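Trainee: Here it is, the structure, as structure tokens.
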Amino acid sequence: MSLAAVLLAAFTMSDLAAQPAADPIRYTLRFPAPHTHYVEVEAVVPTGKRPQVELMMAVWTPGSYLVREYERHVEGLTATGDGGRALGVTKPVKNRWRIETGGAATVTVRYRVYGREMTVRNNWIEKGFAMLNGAPTFLTLGDGAVHAHEVTIEPAAGWKASATPLMPVAGRPHTYRADDFDTLVDSPIVVGNPVTRTFTVDGKNHTLVLEGDPSLFDADRAAADVQKIVEAGRAVMGRLDYPHYFFLNMVTESGGGLEHKNAFLTMSSRFTTRTRRAYIDWLNLVGHEYFHNWNIKRLRPIELGPFNYEAENYTRGLWVGEGFTDYYGALLVKRAGLSTAAEYLDELSGSIERVQTRPGRGVQPVDMASFDTWIKQYRPDENSTNTSIDYYDKGATIAFLLDAKIRKASNGAKTLDHAMRLAYERFAGAKGYTPDQFRATMSEAAGVDLSAWFADAISSTKELDYTEALDFYGLRFATVDPATARATMGASTRSDNGRLVVSVVRRGTPAHDAGLNVDDEILAIDDIRVRADGLVARMDQYKPGDTVRVLVARRDRLTTLDVRLAPEPGRPWRLSVRPDQTSEQKARMDAWLTR
């Protein structure tokens, strides 16, 4: 039996897509020369015999909030009608093509798409495999109506299998159906010769797909552990609402992940399962992207659906959609028994530390960071740390504080798990929630009014207060002994062909106060040259409070700056268990970190 047949057989008959009630848009994907990084797309488009139709390509993809202009990779679009007659095609705007149908009931559109961006939101095509996302691949009718779509894949020579969360069409290998464009966009496709493992939870098939170079990736171990994460997620949210789920992992020495309704797409290294740190990081990523099947794909801010694929879709709710998902991602791994309490606290500490060491936390509220994601999150620069906050990190930190607050207010009877399930029952699906509705639901679960706390944590730049959560669990932050602190200028640097170049200057540091600039080349300290790999050793010659003369080259002009060194802050935001943790506090922490 071929691998494609095995994948198809992994579904129950109830999973198979019904035949379309009306003519769908029918696509055929071909890879005649995959080493050139192109997919050829043929689309048979029903017109309703209208004299003109317009085809639209999305300019962004849900889950990655930046206009990416996917249409720039479309080439050679042509259209034909009855008998292969060439039809007129014009392009009225950047991502639309207008076709003169001549009254034909269907038109056949052909075009090529270049795919060589190794990210989870783009396409990659090479000799060994293809990874396709819906938004940068498919044109659809731009008339605002709901259309079904059918996709047939013709694998390149030597490729044997296709894997996608799209519903397979019975009896037609490599053919899949989407009832609407949202589903088509939300269903990545992997074609090649992947390694697969399938397991069942609650009668639903889950398939781990490894493509790229998984020769050193322990597929059996990974599938067994991913199953434990699925079970931990179900314990939090109560049920699995998808027909099946695909864990699409590209083993391509890259990183990142993107959620989909019935799947996720991630990238990793071939060495992922060889070291514990790398493996735990990957499992945390799996937990994050998998938890999205509830939080953001079904339980979502009201603005995120139905989508406008041709413009920005603004929301202030990504501190929940991404931040809470980040909190639960690593927590699922801990509750699945795959990480230790210390490893989980280290992961959570990273989020807290990134919030508390980022000067932008005093400039931008986290709900505005969500709103501004279209112009800031995916376009960081050297000043971003001073002017913005990351809604992933601050959202995860808020989730931690909120979970403890709900547990304390209810005397342990309720948790953030309960609150998320309550929100899911009320707002999942086509409804969506407003910011006020989500906050009110959290307050209801806690049994106390949290509106003032939310206003401070979400819509202001006030500092977060960790006291309640730390006392509830018996935790503490690491202490830093000023007497042992090293001296620092407070600037981040990089080596640029042997040159020591300033890359980031944070507000409130000696470097910022002295006027050190990004892109300055540091040449000498106190008239002695410092090389690109020697700054740390040079700083060890000084103590906090010393003033040093720093010679820099700024656009080739030499400038001397006096910098008064400060103590290196160390890592004061690392969580650990207090040595005097009480049995009651330990019981609360155990309840939090287990199922």
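The values are calculated or read from the model by the stated rules, or taken from the named source; none is laboratory data. Treat the numbers as computed from the prediction; the structure is a model and nothing was measured. When we count neighbours, we look across all protein chains shown, and the Cβ atoms used for this are built from the backbone with ideal geometry, even at glycine. Each accessible area value is taken on the protein alone, full model and side chains, heavy atoms only, with ligands, DNA and RNA left out. Shrake-Rupley method; radii C 1.70, N 1.55, O 1.52, S 1.80 Å.
Trainee: Output the antiparallel fraction of DSSP beta bridges having both residues in the chain, as a percent to the nearest 5.
Mentor: Of the beta bridges lying entirely in the chain, close to 80 percent run antiparallel.
Trainee: So who's got an amide H within less than 5 Å of the one on Ala566, skipping anything under 5 residues away but keeping other chains? H placed 1.01 Å off N, in plane.
Mentor: Residues meeting the criterion, in which the H sits 1.01 Å from N, are Thr488, Gly545.
Trainee: With a sphere of radius 12 Å drawn around the Cβ of Thr479, what net charge do the other residues whose Cβ falls strictly inside it have (Lys, Arg +1; Asp, Glu -1)?
Mentor: Charge balance in the 12 Å sphere: +3.
Trainee: Check the straight Cα-Cα distances from Lys543 and name the aspartates and glutamates below 17 Å, setting aside those fewer than 8 residues away within the same chain.
Mentor: Hits, sequence-local ones excluded: Asp481, Asp526, Asp562, Glu568.
Trainee: Calculate, in whole percent, how much of the Cα-Cα pair population of segment 368-460 lies beyond 18 Å.
Mentor: Roughly 52 percent, once rounded to a whole number.
Trainee: Hey, another quick one. Aspartates and glutamates near Lys405 by alpha-carbon distance under 12 Å, same-chain residues fewer than 8 away left out - which ones?
Mentor: Lys405 reaches Asp449, Asp465, Glu468, Asp471.
Trainee: A 28 angstrom limit on the alpha carbon distance is what I want to check against. Which of Lys94/Lys431; Lys228/Lys261; Lys297/Lys408; Lys94/Lys127; Lys376/Lys462 exceed it?
Mentor: Listed pairs above 28 Å: Lys94/Lys431; Lys297/Lys408; Lys94/Lys127.
Trainee: Between Glu312 and Arg50, what length comes free when the chain is fully extended (0.36 nm per residue of separation minus the Cα-Cα distance, one decimal in nm)?
Mentor: Once the chain is fully extended between Glu312 and Arg50, it gains 91.3 nm.
Trainee: A further question on this structure: Identify all lysines with a Cα-Cα distance to Lys49 below 22 Å; exclude those on the same chain that are fewer than 8 residues away in sequence.
Mentor: Cross-link targets: Lys91.
Trainee: Apply the Debye scattering formula to segment 140-194, with a single equal point scatterer on each alpha-carbon and no solvent, then give log10 I(q)/I(0) at q = 0.16, 0.25, 0.26, 0.29 Å⁻¹.
Mentor: -0.51, -0.99, -1.04, -1.18
Trainee: With +1 on the Cβ of every Lys and Arg and -1 on the Cβ of every Asp and Glu, and nothing else charged, how large is the dipole of segment 197-321 about its Cα centre, in debye rounded to the nearest 20?
Mentor: For segment 197-321, the charge dipole is close to 380 debye.
Trainee: Sticking with this one: Determine the per residue accessible area of the chain with all protein chains present and a 1.4 angstrom probe, expressed in square angstrom.
Mentor: 41
Trainee: Just report the Cα centroid separation between segment 535-581 and segment 78-140, whole Å.
Mentor: Computed from Cα coordinates, the inter-centre distance equals 54 Å.
Trainee: Restricting to Cα pairs below 8 Å that are 6+ residues apart, what does the relative contact order work out to for segment 269-388? Please round to a whole percent.
Mentor: Reported as a whole number, the value is 26 percent.
Trainee: Still on this structure, please answer the following. Taking only the alpha-carbon positions of segment 12-143 and ignoring solvent, what does the Debye formula give for the base-10 log of I(q)/I(0) at q = 0.14, 0.16, 0.20 Å⁻¹?
Mentor: The computed values of log10 I(q)/I(0) come out as -0.69, -0.87, -1.18.
Trainee: Given a 1.4 angstrom probe, I'd like the percentage of the accessible area of the chain that is carbon and sulfur, rounded to a whole number.
Mentor: It is 50 percent, rounded to a whole number.
Trainee: Among residues other than Gly88 whose Cβ falls under 12 Å from its Cβ, what is the net charge (Lys/Arg +1, Asp/Glu -1)?
Mentor: Summing Lys and Arg as +1 and Asp and Glu as -1 gives +2.
Trainee: Which residue, Leu416, Ala591, Gly255, has the largest displacement toward the positive end of the dipole of the chain when charges sit on each Cβ (Lys, Arg +1; Asp, Glu -1)?
Mentor: The residue sitting farthest along the positive end of the dipole is Gly255.
Trainee: So, one more: When all C-alpha to C-alpha distances in segment 88-175 are sorted into bins of 10 Å, what percent of pairs does each bin hold, rounded to whole numbers?
Mentor: 12, 38, 35, 15, 0
Trainee: Distance between Cα centroids, segment 317-358 to segment 241-289: provide it in whole Å.
Mentor: Going from one Cα centre to the other spans 16 Å.
Trainee: Here's a follow-up. With +1 on each Lys and Arg Cβ and -1 on each Asp and Glu Cβ, how big is the dipole of segment 33-168 about its Cα centre, in debye rounded to the nearest 20?
Mentor: 200
Trainee: Okay, next question. Once fully extended, how much extra length lies between Thr594 and Glu425, figured as 0.36 nm per residue of separation less the alpha-carbon to alpha-carbon distance?
Mentor: Going from the current span to full extension adds 58.5 nm.
Trainee: Tell me the Kirkwood hydrodynamic radius of segment 556-595 in angstroms, computed as one over the mean inverse distance between distinct C-alpha pairs.
Mentor: Taking every pair of different Cα atoms in segment 556-595, averaging 1/r and inverting gives 15.0 Å.
Trainee: On each of the three principal axes of the Cα atoms of segment 153-263, give max minus min coordinate, whole Å, ordered largest first.
Mentor: 43, 38, 26
Trainee: What list of ³J(HN,Hα) couplings, whole Hz, do you get for segment 464-481 from phi and the Karplus terms 6.51, -1.76, 1.60, once you set θ to phi - 60° and write x for glycine and proline?
Mentor: Here the 3J(HN,Hα) series is 6, 9, 9, 4, 4, 5, 5, 5, 5, 9, x, 10, 8, 8, 4, 9, 10, 8 Hz.
Trainee: Another question about this same structure. Can you tell me the 0 to 90 degree angle between the C-alpha axis of helix 416-427 and the longest principal axis of the chain, rounded to 10?
Mentor: For 416-427 against the chain, the angle is about 30 degrees.
Trainee: How big is the dipole moment of segment 408-451 about its Cα centre under a simple scheme where the beta carbon of each Lys and Arg is +1, that of each Asp and Glu is -1, and everything else is neutral? Debye, nearest 20, please.
Mentor: Rounded to the nearest 20 debye, it is 80 debye.
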